[in-house]
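Nothing in this text is a laboratory measurement; each read-out follows from the coordinates by a stated rule. Because the structure is a prediction, the values reported are computed rather than measured. Here Cβ is always computed from backbone atoms with ideal geometry, including for glycine, and neighbour counts include all displayed protein chains.
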Amino acid sequence: MAATRDWSNLQVSAATKRFIADTGFKRMTPVQAIAIPLLLNHRDVAVEACTGSGKTLAFLIPAVELLLRALEESRSAEDGGSRGLGTALQVGAAVLAPTRELATQIYEVLGTYLAAVSVKTSDGKSAVEASSLLGRQLCVGGSDAKTAAAALRRVATAEVTEGRVQLHVLCATPGRLRALLNFGGGAPLNFKTLELLVFDEADRLLQLGFSLDIEAVLSASPKQRRTGLFSATLTSELHRLMKTGMRNPVHVCVRLKRPMQGQETEKAAEKTAEAGSAQETNLPGAAESDSKAVGQGGHELPTKLSNYYVTQPAEQKLGFLKHFLQMPEVRKSKTIVFFLTCASCDYFHVLLRELIDADKATAKIEEAGGSKKRSKKQKGASKIVGGRIEKLHGQMDQTARVRSYEKFCSSAPEDGAVLFATDLAARGIDVESVNWILQYDAPVDPSAFVHRIGRTARAGQSGQSVLMLLPQEEGYVPFLRQRGVPIEQLPSSLQESAEDFANSAEVTLRKCKKLVETDRAAMLKASKALVSFIRAYQEHQLPYIFPFKGLEFGPLATGFCCLRMPRMKEILGKQVHGFQQSQVDPSSVPFRDKNQEKQRQEKLAKGQAEWDQKNEEEKAQWQADELQAAKEAKKADKKAAKAAITERTRTQKRKAKRSEKADEWRRLGAEESLAKKLRKGKISGSQFESRLKKAVRKGGDDEDDDEDDDSENQESGSEDADHETKGSSKKELAMLFLAGLYSNADKGNGRPVVFRGAALRMPAMKWRSDKYLLERFGNEDISGVEWNLKETRAGGNVEGMNKMRDFLASYNTSDIYMVSQVPKGMQDDVQFLPCMQCGGYLKFLDVHNIWIGRGGSKSVVHYDDQDNINCMLDGEKRFIFMHPSYKNRFEAHPNSPRNQFGWVDTALDRSIPGYGAFMGDIDVDRMDLIKYPGWRDVKWSYVDLKPGDCVYIPYQWYHQVTARPGRSINVHIWYWRPKRFDSKSCQADPSLSPLPHAAATKVLEEMPSPPTFADCTWGFEPKQVLLACVATAC
């Protein structure tokens, strides 16, 4: 069977031929010449052809002709008058398209076609009667399915009432059609009358995940039907669809057979097709087909299409976009700009619209000012994008989506309208006078490139496309050329000079950043757009050309005009260069819309109230739990003591009785001794009472020492007692150090020691107010902010938190906490404890850290490789300690059967993220004793620190820290344990006892200001030589 391209040889009705004549098409396209006769001869066809090849009429003409024939046959039959009466719409043909816009476009072309068919012919009546029985319906998503079903039923009911039944051509998207076919209470569509089922852009249908919807439509369709499948490529999925949903389909592959030099450019196209065979037809590359071959992919490009590319750094892409849209060549026609994501499309639409409005306002002011002497260049520079910028993407509301698309289509070419779109607009959409395509981002799927540029140079018109690439993406150009896509660098005539462009790009960025700093809606869109772009970039199907590791986040965030780097796992722990965060606090940026801002403020106030209430409730619950635990522990102790007494042997009872008598004699002796001192005037009456009570508590030992505790001094008020305390302060402080730190550490493992109130006189106690921190230290640099309240040590740092003010603005309303070295400007407020001013410790200082959080944070179970002293400045924390002797049991290899504690150690397993040795996969709130049975036998102790308290943590002591609800702030002093204690620097008497809490506090009050962090340097030189303290106090 010869495939001819002359319309006159096509066996169709006169009305159809008149419609073709009105459209001005002289000859059929290759696709039409082959597909139309096959469908009219009741054959299933699978057509593989490029975009813009006339596929729409290739299936609409057979659809209308087949329905007209069916109506003629039913009208001549005896029972034709009763056909299809009912409340369901009679569907004669159904066309499925992947997008609402494409379905709408097919629907509009069909309307033009049916209007032409309804014109009376010379024989009069028959054409009018036939066309009156054909209707069209559009069924797409974006609206309520119940409403759409009710509308279809009303149409069917009206037809029955009027005594006529139409056959309808349905233009639909798969999801909405499936919903209507499976509608509860009876489907509003009757598919029993279906003559033709068409899948347009079938490869895209499957790519978008409509396979289940397609299967449902096929199941509802009658077997005696024709099926047409039209696609740019026939993938393996489409071949499976052909096997299940088509009967002996004819595979039509329309490609160009490029003639050799000297041969004629036109040859007759022939095609032979046996039933069920797959055929490939080669048609001549005549100008009427307006195509040229494209590489291995089998795609075709329009002959009058020019492709260009330009490389721009990420921070200059926005400036180039504005410059491109302002070029006179671009303003003369319509332009489509493609973005990678919906969020990017939304955001840049806001920015460009704002820039255009600002430029328009500036132009009006200049005109009103009467600047008549401006040069031609200045006048040209003041021109702006002439047309309106519209947007189109899949996340838009259906009403807005339709309105935006219609405005762009109906605008005049000279208006220079611009459409910002995603790949939603890359398939099937046919808009007149689109002369420019700009790809702001390269597509994730390389096959989408051809579909994007196929929106221009249609129907024999010329067109240009420009691809924007980052410098590291230039490998995409030879890839395209390898696939047969001719592409050249953008001519210099269409670009500004490098200096002028850099200046204009910087000005554009400043304007856009000002918008983002003053409108919260734009700020949120900026962050969302950057996040969506980064995540979409990871999905590139050409990772060797678009490597995610090579993506520079800093310049990218600058190009998106972000105020801060967004919080996302893809960039956690990575160093970000080339980004300067804004001085504007994101939490202070208002919505430009006053109602929206009012709602935000109300929501913030409500959220803060709920947050405060929750914290109070958690704190109250914590205290109640502690009280209950203490009561239960006390009750258990009494019960145990009673049981122990009950179970004592006779010998034990006799020994206890003798011990009680001995204690009684010692108490009497102590009382007599104190009475003698009282009579001699060595002690006062209050001291006698106090020491007597103490002797009674301690079993009668009269501690005849020279020091007096703070309570005695307060009661006696004698000058001698005060003189004794002052005179012995150095010895007492030395012993506080000896008993608390060095002597314990010298034994090997040491033990944690608590110093109550040791930090009360520290100037850093003023940090308990956020307002104070913000006013004094808001501009201080901080080195680390971590993500989760429940520490994992694998989450990395929160990007964008570079200043103290950034953290203070966020931490009370988010699950973050600061772990930073004490900023330089704050070091004067952190003083060394008296116990660290002797013994030579100042020479061994290493690191100083500050922790700030909103409370509720929990650390992992871990140990440190240095001694440290931790002082609470605000809030309360609980420290749980476990002895270093558990090391061999805890630190079994993660893969060892001996690992009964869930230990994770990056020194053993490098695949585990994080740092140090820790038990990171254990939930400290829900210890799983089945999974980790070793914890049943572990002995532990704990201490609660309040503001002003400090705790010494020896190295390798395992510990876990939990902050109670409410603001929490503490400082760490880390140091290396000295090999030898310098006793001369303390002048200590080893026989002295540690100071009690009150006495230590009193001594601190009377001591001169101890040295601060600012007085000393620490760390190692390259040769591991410790740096000595430079302060005179050392």
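A simple rule links phi to the HN-Hα coupling: the Karplus curve 6.51 cos²θ - 1.76 cosθ + 1.60 with θ = phi - 60°, which for the stretch 800-806 gives x, 9, 9, 10, 4, 5, 4 Hz, with x for Gly and Pro.
With the simple model of a label 7 Å out from the Cα in the direction of the Cβ, N182 to Q623 spans 5.7 nm. Averaging 1/r over each pair of different alpha-carbon atoms in the stretch 474-621 and inverting the result gives 19.2 Å, the Kirkwood hydrodynamic radius.
Using a cut-off of 20 Å between Cα atoms, the listed pairs K334/K407; K569/K771; K407/K513; K513/K569 include K569/K771; K407/K513; K513/K569 as exceeding that distance.
Which entries in K525/K858; K766/K824; K594/K619 show an alpha-carbon gap greater than 26 Å? Mind showing how you got there, number by number?
Values: K525/K858 34 Å; K766/K824 17 Å; K594/K619 37 Å.
Pairs exceeding 26 Å: K525/K858; K594/K619.
Scattering from the stretch 593-646 was approximated by placing one identical point on each alpha carbon and applying the Debye formula without solvent; log10 I(q)/I(0) at 0.14 1/Å stands at -0.60. Amide hydrogen proximity for Y817: with H placed 1.01 Å from N in the peptide plane, the residues at 5 or more positions away or on another chain lying under 5 Å are E786.
For the stretch 949-965, backbone phi angles converted through the Karplus equation (6.51, -1.76, 1.60; θ = phi - 60°) give residue-by-residue couplings of 8, 10, 9, 8, 10, x, 5, 6, 7, 6, 7, 9, 10, 10, 8, 6, x Hz, Gly and Pro being listed as x.
Multiply the residue separation of Q538 and K661 by 0.36 nm, subtract the distance between their alpha-carbon atoms, and state the gained length in nm to one decimal. Present the calculation step by step, with values, prior to reporting the outcome.
Numbers: separation 123, 0.36 × 123 = 44.28 nm, distance 8.24 nm.
Extra length from Q538 to K661 when fully extended: 36.0 nm.
With a Förster radius of 35 Å applied to the C-beta separation of Q575 and E237, the computed FRET efficiency comes to 0.25. Label positions at E616 and L929, each projected 7 Å from the Cα along the C-beta direction, are separated by 3.7 nm.
Calculate the dipole size of the stretch 593-646 relative to its Cα centre from +1 charges on Lys and Arg beta carbons and -1 charges on Asp and Glu beta carbons; express the result in debye to the nearest 20.
Working: 13 positive and 12 negative charges, 73 e Å.
Using only the charged Cβ atoms, the result is roughly 340 debye.
Taking amide hydrogens as placed 1.01 Å from N in the peptide plane, the amide H of H883 sits under 5 Å from that of no residue at least 5 positions away in sequence or on another chain. A simple spin-label model places pseudo-atoms 7 Å from Cα toward Cβ; at N788 and S219 they are separated by 4.1 nm. Size of the stretch 443-489 from its Cα atoms: along the principal axes, largest to smallest, the extents are 35, 22, 18 Å. Listing V819, V31 from fewest to most neighbouring C-beta atoms within 10 Å gives V819, V31. With K and R counted +1 and D and E -1, the other residues having a Cβ less than 10 Å from that of V754 yield a net charge of -1.
For S333, the residues whose amide H sits under 5 Å from its own are G416, ignoring neighbours fewer than 5 places away on the same chain, with H placed 1.01 Å from N.
Considering only the other residues whose Cβ falls under 10 Å of the Cβ of L234, what net charge follows from Lys and Arg at +1 and Asp and Glu at -1?
-3
If a spin label sat at a point 7 angstrom from the Cα of T399 along the line to its beta carbon, the backbone N atoms of the stretch 131-162 nearer than 12 Å would be those of 143-144.
Would you kindly state how much longer the chain becomes between K26 and L774 on full extension, computed as 0.36 nm times their sequence separation minus their alpha carbon distance, in nm to one decimal? Write out the running numbers ahead of the final one.
Values: separation 748, 0.36 × 748 = 269.28 nm, distance 7.70 nm.
Once the chain is fully extended between K26 and L774, it gains 261.6 nm.
What is the dipole size for the stretch 500-554, taken about its Cα centre, with +1 at each Lys and Arg Cβ and -1 at each Asp and Glu Cβ, in debye to the nearest 20?
Working: 9 positive and 6 negative charges, 51 e Å.
With Lys and Arg at +1 and Asp and Glu at -1, about 240 debye.
Quick one: net charge of A624's neighbours, Cβ under 11 Å, K/R +1, D/E -1? Walk me through the numbers on the way to the answer.
On the way: positive: K619, K631; negative: E617, E618, D625, E626.
Overall, the nearby charge balance is -2.
Annotation: extensible slack from V507 through R483 equals 4.8 nm (criterion: 0.36 nm per residue apart, minus Cα-Cα distance).
When the Cα positions of W622, A633, N595 are compared along the charge dipole of the stretch 593-646, A633 comes out farthest toward the positive end, with charges on each C-beta of Lys, Arg, Asp and Glu. The K653 and K676 beta-carbon pair, evaluated with R₀ = 35 Å, returns a calculated FRET efficiency of approximately 0.45. Once the Cβ-Cβ distance of T813 and A145 is raised to the sixth power relative to R0 = 56 Å, the FRET efficiency obtained is 0.90.
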